[in-house]
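Asks: Can you read through this structure? Questions will come right after.
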Amino acid sequence: MADMADLMTGGRILRITRWGEAVLHAATTPVTVFDEELHTLIRDMFATMDAADGVGLAATQVGDSRSLFVFRCPDADNKVLSGAVLNPTVILPDAKNRQLVSEEEGCLSLPGSYSPLARPDLAVCRGLDHNGDPVEIVGTGLLARCLQHETDHLSGVVFGDRLSDRSRKRLYADHEALAYRYPDDWPVSAKKEFDPAM
């Protein structure tokens, strides 16, 4: 049995896939084997997420088609929760009890750009942990958004798919304006602070 704290350190940084790459827009396959190879992937995903200053990262974002994500993210009380969820499902409040909050959302696979997106401020994520045991995370605040965003990734949905055409065009334009800062293998290679053409 692996310890979760051990899987959050010692990984290698991987390249983050970008919107438009096939793996990001296809449904994932359930995780059925909980072995050292899986734990190495989780360790690498934490290293990659941390290098990119993210709060969540789906396996598809490092080119793996398995259904899992990692997260290290604050909730509405600013308590930081961390872990990995495999084969996740998200349960949202019914329409009568749902409170939508519109906040800026971004994606490590379209770095540098953000757009307001309304999402429920409460989300319950159920799945399996890194050892194959049942796990449930109750997310509020940013954590609720993170759980929804990462679970979307595992269904082949990027948050731009949830935007209007106009908002999506603006999002892409913002990304293009800052693309010079993000090498193709980012975050293996660090983000550039200045435009090299200037």
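The values are calculated or read from the model by the stated rules, or taken from the named source; none is laboratory data. Owing to the predicted nature of the structure, the values given are computational and were not obtained by experimental measurement. All Cβ positions, even for glycine, are placed from backbone atoms using ideal geometry, and neighbour counts span all protein chains on display. Surface areas here come from the heavy atoms of the whole protein model, side chains and all, with no ligands, DNA or RNA. Shrake-Rupley method; radii C 1.70, N 1.55, O 1.52, S 1.80 Å.
Asks: Please check which bits of the range 49-88 a label hung off residue 5 would reach, taking the label as a point 7 Å along Cα-to-C-beta and the cut-off as backbone N under 15 Å.
Replies: 82-83
Asks: Given a 1.4 Å probe and every protein chain left where it sits, what share in percent of the accessible area of the chain is carbon and sulfur? The partial results should precede the final answer.
Replies: Values: 5090 of 9790 Å².
Answer for the chain: carbon and sulfur cover 52 percent of the accessible area.
Asks: How charged is the neighbourhood of residue 44? Take every other residue with its Cβ under 12 Å from the Cβ of residue 44, and add Lys/Arg as +1 and Asp/Glu as -1.
Replies: On the way: positive: 12, 15, 43; negative: 37, 50, 64.
Within the 12 Å Cβ shell, the charges total 0.
Asks: Using the Kyte-Doolittle scale, which helices in the chain average at least -1.0 and also have C-alpha atoms spread 18 Å or more along the helix axis, with helices defined as whole DSSP H runs?
Replies: Details: long enough: 36-51 (22 Å, -0.05); 141-153 (19 Å, -0.52); 165-178 (20 Å, -1.57).
Answer set is 36-51, 141-153.
Asks: Applying a 10 Å radius around every beta-carbon, put 139-145, 72-78, 49-55 in order of their mean neighbour count, most first.
Replies: Working: 139-145: 21.7, 72-78: 15.0, 49-55: 19.3.
Answer by packing, highest mean first, reads 139-145, 49-55, 72-78.
Asks: Also: Mind putting a number on the dipole of the chain about its Cα centre? Charges go on the C-beta only, +1 for Lys and Arg and -1 for Asp and Glu, and I need it in Debye to the nearest 20.
Replies: Working: 20 positive and 30 negative charges, 129 e Å.
Computed charge dipole of the chain: roughly 620 debye.
Asks: Which FRET efficiency value, to the nearest 0.05, is calculated for residue 78 and residue 177 with the Förster distance at 35 angstrom and r the Cβ-Cβ distance?
Replies: On the way: r = 32 Å, r/R0 = 0.90.
That pair, residue 78 with residue 177, gives E of 0.65.
Asks: Solvent-accessible area per residue for the chain at a 1.4 Å probe radius, Å²? Provide the component values of the computation, followed by the final result.
Replies: On the way: 9790 Å² over 198 residues.
On a per-residue basis, 49 Å².
Asks: If contacts are Cα pairs under 8 angstrom and at least 6 residues apart, what is the relative contact order of the chain in percent? Walk me through the numbers before you get to the answer.
Replies: Working: 392 pairs, mean separation 45.5, N = 198.
Dividing the mean separation by the residue count of the chain yields 23 percent.
Asks: Treating only the Cβ of Lys, Arg, Asp and Glu as charged (+1, +1, -1, -1), what charge dipole size does the range 9-84 show about its Cα centre? Round to the nearest 20 debye. Don't skip to the answer; put the middle values down first.
Replies: Details: 7 positive and 10 negative charges, 28 e Å.
I would put it at about 140 debye.
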